[in-house]
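Asker: Sending over a structure as structure tokens; questions will come in a sec.
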Amino acid sequence: MGRWILYSLLAYCALYAAVWLHELGHALLNARFGCRPGWSRVQVKPYVFFSNPGPVDLDKYRALAPWQRTLAAYGGVIANLLWAGAGGALLLLLQPENGYVQLFLWMFTTLHLAEIVSYLVVGSIYLVSDMAIAVQEYPRLRLPNIAAGLAVTAVYLWALLRVPADFRVFAAVWNLLTVLSMCAGRIVFSLLRGRAS
């Protein structure tokens, strides 16, 4: 029982890091484009949902060129891709023997991939959040987003199959619940935001 609690804590830390780094990706680009003061403060609640790269000056953001708004929208996915690569590289280079270190690195890597899949595939089919912004600026990006998302999905599923047998089921269930809750949370948030406007 204690092992599963520790697994859950490590998985939560990996998930929180994936969401925080995703928002940091947006923040870096928003700061680079001059519509936010600095890049280091992002808002990720302990319950992870409704995180954002705030504070963004909306007037300056609206004045950006369409390609800048689009690139800022992709900032989170780009960050997730880079960090998933870093996590995978660490697993290959370090080949940690400690099961808890292994679990954290596998969760860190797969949860970054989960974010990418949830955005590029589901977020492009049912336009929400970052993908809604990108497609609003450039409608032709919708199909390439889905195609890229499906390619990442193949890598994601391959990675989940490579997770060590000791915690493969745990990692698969945690990842599945994460993807489902991310997608549902974004859809609910978009619907609520739509009603408020």
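The values are calculated or read from the model by the stated rules, or taken from the named source; none is laboratory data. Treat the numbers as computed from the prediction; the structure is a model and nothing was measured. Here Cβ is always computed from backbone atoms with ideal geometry, including for glycine, and neighbour counts include all displayed protein chains. Note: areas computed on protein heavy atoms with side chains; ligands, DNA, RNA excluded. Shrake-Rupley method; radii C 1.70, N 1.55, O 1.52, S 1.80 Å.
Asker: Can you tell me the length gained on complete extension of the stretch Arg3 to Arg140, counting 0.36 nm per residue apart and subtracting the Cα distance?
Answerer: Here the answer is 44.6 nm.
Asker: Let me ask something else. With springs only between Cα atoms under 10 Å, which of Val19, Val121, Val163 fluctuates most in a Gaussian network model of the chain?
Answerer: Val163
Asker: Using a 1.4 Å probe on the protein heavy atoms, what percent of the accessible area of the chain belongs to carbon and sulfur?
Answerer: The C+S portion of the solvent-accessible surface of the chain is 70 percent.
Asker: As a test question: what accessible area, to the nearest 10 Å², does Phe104 have when a 1.4 Å probe is rolled over all protein chains in place?
Answerer: 60
Asker: Right, another one. Over the chain, with the other protein chains present, what is the accessible area per residue in square angstrom, probe 1.4 angstrom?
Answerer: 54
Asker: Which one of Leu28, Leu111, Ala165 is farthest out on the positive end of the charge dipole of the chain, using unit charges on Cβ (Lys, Arg +1; Asp, Glu -1) and the Cα centre as origin?
Answerer: Leu28
Asker: Find the Cα radius of gyration of the chain, compare it with 2.2 N^0.38 Å by division, and give the number to two decimals.
Answerer: Against the empirical 2.2 N^0.38 Å value, I get 1.04 for the chain.
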